[in-house]
Amino acid sequence: MKTYSIKASEISRDWYIIDAEAQPLGKLAVIIADKLMGKSKPTYTPHIDNGDYVIVKNAKNLKVTGNKFEQKIYARHSGFPGGLTELTLKEVMEKNPAIAIEAAVKGMLPKNKLQAPRLKRLKVVDGEEHPYTSENPKEIK
């Protein structure tokens, strides 16, 4: 029996929706990364991107454990001397909660050429309403 490898023409993508209010950030990121990579599909192939689309709703009501709101730091650098900017999770959540979820999911995806196209299929929405109702997303509990 030969090992089956999916072809690019055979890829079918589903849409899933997850409520961010119910789970901690890390557990949520694991579920999202799994769906974006397609690891839950029987046709998973590591070198082919056959993952699904994921919509995350209620991102502003994200739950974290411990003192992460005050202690977790997101850092970026402009490239110029003294250009380090550090924000806590609390400041990021006030500014744009999608940044926190996308950073957590990005850390859980493999660091290769498939990372960027997978992240493009992640849609984060602050509230309950989203513009992807026509895609008929399946809800993940």
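Values in this text are rule-based calculations from the coordinates and carry no lab data. Predicted model only: the values in this text are computed from it and were never measured. Please note: Cβ atoms are built from the backbone with ideal geometry, for glycine as well, and neighbour counts cover all protein chains shown.
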Roughly what % of DSSP beta bridges within the chain run antiparallel, to the nearest 5? 30
Rounded to the nearest 10 degrees, the helix 97-108 long axis (Cα) sits at an angle to the longest Cα principal axis of the chain of 50
Put +1 on the Cβ of every Lys and Arg and -1 on every Asp and Glu Cβ in the chain; which of 32, 136, 114 then has its Cα farthest towards the positive end of the dipole? 114
To the nearest 10 degrees, how steep is helix 25-37 against the longest Cα principal axis of the chain, on a 0 to 90 scale? 30
Project the alpha carbons of the stretch 4-46 onto their principal axes and report the range along each, largest first, in whole Å. 37, 17, 12
Given a cut-off of 21 Å, name the pairs among 90/113; 27/113; 7/113; 41/63; 39/123 whose C-alpha atoms lie farther apart than that in the structure shown. 90/113; 27/113; 41/63
Which is the longest run of the chain containing none of the chymotrypsin sites (Phe, Trp or Tyr not before Pro) found in DSSP loop states (not H, G, I, E, B) with at most 14 other C-beta atoms within 10 Å? 45-131
Magnitude of the Cβ-charge dipole of the stretch 13-140, K/R +1 and D/E -1, about the Cα centre, nearest 20 debye? 520
Taking all pairs of different Cα atoms in the chain, averaging 1/r and flipping that mean, what Kirkwood radius in angstroms comes out? 16.4
